[in-house]
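Have a look at the structure below, then the notes.
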Ligand code: FMN
């Protein structure tokens, strides 16, 4: 059993030798330092959201109106945070949400590789985005023994979609996460005011540029004519999906299919009926649509509707406490988004691993103090609305 909370002793013991942590353990300091490291244009892309960012802000703020009640006289000296998902046992309930800017976030511009190495270091599975600076095969190899998942932005060209899925299968990814909420980009004032959209500048498109089907659509290879390749990418990105498309996904792959972006219980039920292997409750961190409801406030209903099908969750996770609340409300696994990308910006693979370990340490110690030795106990205890 891994005792994630032991990180606390490491930090205090190092302090006795005058060694302070290289990176912060709290989100506010992490965010501030990462913004300095990223610079203005990457910061606006990573930190920015849709509209006036109310939904994005609410995603994180809403965790504060959920509270947990501790139980005493419970032996919590041993904790088990492991979960079962897609036939594999993971040491913790965290995963790294797909972030299509990881590639640019680390100082060497190979942030997808660094994220994969952070996954190998921590055992926290990495959901690799279609948008990356390194091909998905190399990214998978860098995940080591930790299973990885591939997130698909479904292209309009079916042959290209099939090619990306085949490559993910052959590379050994263990699940296909299909993002439903991003066939078109939401209205993002920070990026619009700076007229900045990284993909149109040729960033994070390596999965396309290395794809044989994508390359066959071009007159000249991307290395020779990047502008034409970017134009072709823009023309092929973003298939509008409907429930009828599930039959095609099921026919084209045997990988477990996870539908990302589900917020309504009826959609959760429909996803299960159509054969989804997991429902991924997320509003894309508030980047795609404003005027919504914090995802944590929608989670319980989605979990109820999904029945026995596992529910993955992200949007607003900033700490171990947030993660435990999401687990208490029924999530099987909890996705960390911006925080680990900020870790990449500050310290590459080690920086991202530090952020994940900090979140796990806080979660583990919270469970220890609150009398929840297992995730089943967390779920049983639940969380209460406090407003
Ligand atoms: N979601 C995807 O499904 N695919 C992506 O490529 C992707 N890229 C993202 C890029 C950035 C900069 C950010 C911040 C989010 C991105 N997301 C993407 C959404 C995340 O997977 C996740 O839903 C979101 O980050 C959760 O919100 P949080 O980071 O505020 O907790």
**Fill in**
Scaled by the rule-of-thumb 2.2 N^0.38 Å, the alpha carbon Rg for the range 278-336 gives a ratio of 1.03
**Complete:** Which of 44, 251, 282 fluctuates most in a GNM of the chain (C-alpha springs under 10 Å)? That residue is 251
**Item:** Full-stretch length increase - residue 228, residue 17 - with 0.36 nm per residue and alpha-carbon distance subtracted
**Value:** 70.3 nm
**Request:** Send over the semi-axes of the range 56-166's equivalent ellipsoid, whole angstrom and largest first, taken as the square roots of 5 times the C-alpha gyration tensor eigenvalues.
**Result:** 32, 18, 15
**Prompt:** Working out 0.36 nm times the residue gap between residue 84 and residue 32, then minus their Cα-Cα distance, what length gain in nm do you get to one decimal?
**Reply:** 15.2 nm
**Request:** Just the ratio, please: alpha-carbon radius of gyration of the range 214-278 over 2.2 N^0.38 Å, N its number of residues.
**Result:** 1.56
**Request:** Could you work out, for the range 124-193, what percent of all Cα-Cα pairs fall into each 5 Å distance bin, beginning at 0 Å and stopping at the bin that holds the largest distance?
**Result:** 3, 15, 25, 22, 14, 10, 7, 3, 0
**Prompt:** Helix 158-171: angle to the longest alpha-carbon principal axis of the chain, degrees 0 to 90, nearest 10?
**Reply:** 50 degrees
**Prompt:** Based on the Kirkwood radius over alpha-carbon pairs, what value in µm²/s does the Stokes-Einstein equation return for the translational diffusion coefficient of the range 320-375 at 4 °C and 1.567 mPa s?
**Reply:** 110 µm²/s
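Give the whole-number value, in cubic angstrom per residue, of the convex hull volume spanned by the C-alpha atoms of the range 1-95.
Output value, Cα hull per residue: 197 Å³.
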**Prompt:** Which value in Å is the Kirkwood Rh of the range 162-311 over different Cα pairs?
**Reply:** 17.3 Å
**Prompt:** So how far, in whole Å, is the C-alpha centre of the range 175-254 from the one of the range 301-368?
**Reply:** 27 Å
**Prompt:** Once every DSSP H run of n ≥ 4 in the chain is given -39500 (n - 2.57) and the sum is divided by its residues, what mean residue ellipticity at 222 nm do you get, rounded to the nearest 500 deg cm²/dmol?
**Reply:** -13500 deg cm²/dmol
**Hypothetical label at residue 64: residues of the range 302-336 whose amide nitrogen lies under 19 Å (7 Å Cα-Cβ projection)** = 315-326
**Cα-based Rg of the chain normalised by 2.2 N^0.38 Å, two decimals** = 0.95
**In degrees, nearest ten, helix 295-306 long axis to first principal axis of the chain (Cα)** = 80 degrees
**Prompt:** Counting only Cα, what are the radius of gyration and maximum Cα-Cα distance Dmax of the range 8-53, in Å?
**Reply:** 15.3, 48
**Overall Cα dimensions of the range 273-387 - principal axes, largest extent first, Å** = 42, 38, 33
**Message:** Starting from the 7 Å offset along Cα-to-Cβ, what nm value, one decimal, do you get for the label separation of residue 254 and residue 194?
**Reply:** 4.5 nm
**Message:** With equal scatterers on the alpha carbons only and no solvent term, can you work out the Debye log10 of I(q)/I(0) for the range 118-241 at 0.22, 0.23 1/Å?
**Reply:** -1.31, -1.36
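Every number here is computed from the coordinates shown, using simple stated rules; none is lab data. Since the model is a prediction, treat every value here as computed from it, not as a measurement. Cβ atoms come from the backbone with ideal geometry, glycine included; neighbour counts cover every protein chain shown.
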